[in-house]
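Reviewing the structure listed below.
The values are calculated or read from the model by the stated rules, or taken from the named source; none is laboratory data. Note that the coordinates shown come from a computational prediction; the quantities given were computed from them, not determined experimentally. Virtual Cβ from ideal backbone geometry, glycine too; neighbours counted across all protein chains shown. Accessible surface areas use protein heavy atoms only, side chains included; no ligands, DNA or RNA. Shrake-Rupley method; radii C 1.70, N 1.55, O 1.52, S 1.80 Å.
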Amino acid sequence: MKKILLLGDEALAQGAIDAGISGFFGYPGTPSTEIIEYVQKNKVAIEKDIHRTWASNEKTAMEEAVGMSYAGKRTMATMKHVGLNVAADPFMNSAMTGANGGLIVAVADDPSMHSSQNEQDSRVFANFALIPCIEPSNQQECYEAVFYGFELSEKFKLPVMVRLETRLSHSRSGVVTKEMQAENKLSFPDDPNQFMLLPAFSRMKYDKLVPLQAQLEKASEESPFNKYVDGPDKTLGIIACGLGYNYLMENVRKLDFKHPILKVSQYPLPRKQVEKIMKECDQVLVIEEGMPVVEQQLKGFVSGNTKIKGRLDGSLPRVGELNPNHVAKALGLPNTFGEEKPDFISNRPPALCVGCPHIDSYKAINEALKETPNGRVFSDIGCYTLGFLPPYNAINTCLDMGASITMAKGASDAGIHPAIAVIGDSTFFHSGITGLMDCVFDKNNLVVVILDNSTTGMTGGQDYTGFGRIEAVCKGLGVEEEHIRVITPLPKQHQENVQVFLEEIAYNGVSVIIPRRECVQTLKKKLKSRR
Amino acid sequence: MKKDIILAGVGGQGILTIATVIGQAAVSSNMFLKQAEVHGMSQRGGDVQSHLRISDQEIFSDLIPMGQADLILSVEPMESLRYLPYLNENGWLIANATPFVNIPNYPEKEEVYNKIKTYKNHVLIDADAIAKEIGSARSMNMVILGAAVKTLGFSLEQIENSIKEIFGKKGDAIVEANIKALRAGFEAGK
């Protein structure tokens, strides 16, 4: 037993290593990336050769994790909240097949959208799939949640979600570790048809999964992650979930706080405790990070006159990340505030790095499009989304991973010309390939630009599965070889590059242009480590 | 003892190293610690901050409540002011005077300095210049940390020990350079 300083993400990874995991599967995405990065650097994980390389995307990661669970081993799929949308198909169906070896789906939400396109709440997904969800409130609970989650998963033969949020994923604290457990031995499912979702089997499985919910509720009622602290003053009761519990305690620990508190870190909601607090208290304040998931569920719990307060009635902000001050206000406690920040302070929007290859690519695209004002540039998720900002103003859209190619295709089908898709190399292998196949099949008139900086840049420089194979893959998909053009995005190549863009825009068919130059950040790191 | 510290700067200026050094001192003294960092998109030349909380009692929130920070420690002058809503009335404002200008509308330097000087507990030193003077230009962050030592509740020796602990692997020369920078900042901040 020792105490180490770990990020929430790292505590989860260390917990999994100590709980005898055999493989991690994931795709980088803020704020979840540091889970697998930690494992990749961990000596024990390397020695035991725990699976830790990146997957092509969250769907392949989730399916690979289900495969490892099929083999009886403990495993974890990791992703950010919007990554779960990509993995939604196997995720939802894994609740139907269930698990053999312990299966944890670790999803890191990003309320306030620090680095994301939306702030969807993954607890909705856990509820949707009818599986348990653990929502740790601190780093130590992250660590414990893995041991407990694997046991829960193996007991109920179900996948278990662990939901993290930015503030926990990226916050460091001391974590006391336990003795390491051995990995599970290879073993097949007791029921050879467990993972066979033919409709006839699915109906039987669903008939078991639905009634199982009562047992999952009971597990929540008895869970060490949930806690009921009674209090004599029943004019108000508090249900505090995950990080919401921290913000509550920050405010009330030094006060003589007499209201009942239900801390929730495991779902489905612990029915008994929720019914008790709802029955006994005149009002219940729900403090939860993310969307008003529990607040909405409470309305179905007991009829009666208990007033429910939270994000829906305006006691807490409807959107965005919570903080201790929001909670102080909701509790009617005196609030504190320093001084307003002076008006002369300017914002510093994130920007492409000095020397970034994307800058040269965007300059060439902008110039090539000068004469065709109806041309549109459909972009994607990555550092290059920053090309929207001045001085580049180079792109028109950003929807989700892979949507550059497919949106450009739809726009081209509608008659937009030139239609240009801009996608990163890692994003192309994540979910651009199938879109490009659609384009080739339909012989669309468009240009796909695959910005090859040889890394997954935005999340800090992870490697990816398709490295070194862009041309081969495009050719294999049926893009004509003479319309796969590799250029070097450097200022001195500018005129030449513009010419390539003009030629391929003029070509009536599918063109792929690959501006290739390494990310300046990963290059810097490499040079530093060589010194 | 409780210290709630906002570390501020621009992505890449080394505030996480400052956090690691203070954190090490806290851990060596068996104190509780929580440190929330910024990763991801905003790191690219954007403003970054870290909430560092140290206490001899359990810490709940990863975020410091507004109006309750004991210290804003900033490696950049304008960035020190961005977090004023967090500072308590007796809090310290400690800032490096060298601006990091990567935006076209950076305010007048004097305006920024004057605002910092309205705080009775402030230190405004040119940590970049001091680091250069002692021949260790890259240790600007340790200079500014040095200036803050008097407010941290740790001795200079404790902070030096954590520098040894953290930079030890990189060799004696690096440790020495950082300690020299720390001491120079400590003197300048007196």
Residue in the range A:171-184 that is within 14 Å of chain B (Cβ to nearest Cβ) and assigned to a helix (DSSP H, G or I) present: no
Strands (runs of 3 or more DSSP E) wholly inside the range B:61-157 that include at least 2 residues being open to solvent by less than 10 Å² (accessible area, probe 1.4 Å): B:69-74, B:87-96
Residue ranges of strands (runs of 3 or more DSSP E) in the range A:441-531 with at least 2 members aliphatic (A, V, I, L, M), in the same structural domain as A:ALA403 (by TED's automatic domain parsing) and in contact (Cβ under 8 Å) with a residue 40 or more places away in the chain: A:446-451, A:510-515
Tally of residues being more than 15 Å from A:LYS309 (Cα to Cα), touching an Asp or Glu at 6+ places or on another chain (Cβ under 6 Å) and open to solvent by 30 Å² or more (accessible area, probe 1.4 Å) across the range A:230-265: 1
Single residue of A:VAL107, A:VAL146 found to be away from every other protein chain (no Cβ under 14 Å), crowded, with 24+ Cβ neighbours inside 10 Å and in a strand (DSSP E or B): A:VAL107
Count of the range A:268-294 residues which are more than 22 Å from A:GLY320 (Cβ to Cβ) and open to solvent by 10 Å² or more (accessible area, probe 1.4 Å): 10
Test: residue in the range A:355-365 that is open to solvent by less than 60 Å² (accessible area, probe 1.4 Å), farther than 25 Å from A:GLY432 by Cα and within 14 Å of chain B (Cβ to nearest Cβ): yes
Residue match in the range A:3-12 (condition: open to solvent by 10 Å² or more (accessible area, probe 1.4 Å), within 18 Å of the chain's Cα centre (by Cα) and not hydroxyl-bearing (Ser, Thr, Tyr)): yes
Residue that is most open to solvent (accessible area, probe 1.4 Å), among those in the range A:328-354 that are more than 12 Å from chain B (Cβ to nearest Cβ) and not in a helix (DSSP H, G or I): A:GLY332
Filter result (under 22 Å from the mean Cα position of the chain (by Cα), of a type outside the set (Gly, Ala, Ser) and in a loop (DSSP other than H, G, I, E, B)) within the range A:392-440: A:LEU399, A:ASP400, A:MET401
A:MET196 part of a loop (DSSP other than H, G, I, E, B) and more than 26 Å from A:GLY20 (Cα to Cα): yes
Matching residues, the range B:46-104, being more than 10 Å from chain A (Cβ to nearest Cβ), out of contact with any helix residue (DSSP H, G or I) (no Cβ under 6 Å at 6 or more places or on another chain) and within 26 Å of A:GLU288 (Cα to Cα): B:GLN49, B:SER55
Failed criterion for A:THR177 (all others in (1) touching a residue at least 40 places away in the same chain (Cβ under 8 Å); (2) open to solvent by 50 Å² or more (accessible area, probe 1.4 Å) hold): (2)
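Yes/no per residue for (1) within 30 Å of A:SER153 (Cα to Cα); (2) at pLDDT below 95; (3) within 14 Å of chain B (Cβ to nearest Cβ); (4) out of contact with any Ser or Thr (no Cβ under 9 Å at 6 or more places or on another chain):
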{"residue": "A:VAL252", "(1), (2), (3), (4)": "no, no, yes, yes"}
{"residue": "A:LYS258", "(1), (2), (3), (4)": "no, no, no, yes"}
{"residue": "A:LEU285", "(1), (2), (3), (4)": "no, no, no, no"}
{"residue": "A:VAL293", "(1), (2), (3), (4)": "yes, no, no, yes"}
{"residue": "A:GLY300", "(1), (2), (3), (4)": "yes, yes, no, yes"}
{"residue": "A:GLY304", "(1), (2), (3), (4)": "no, yes, no, yes"}
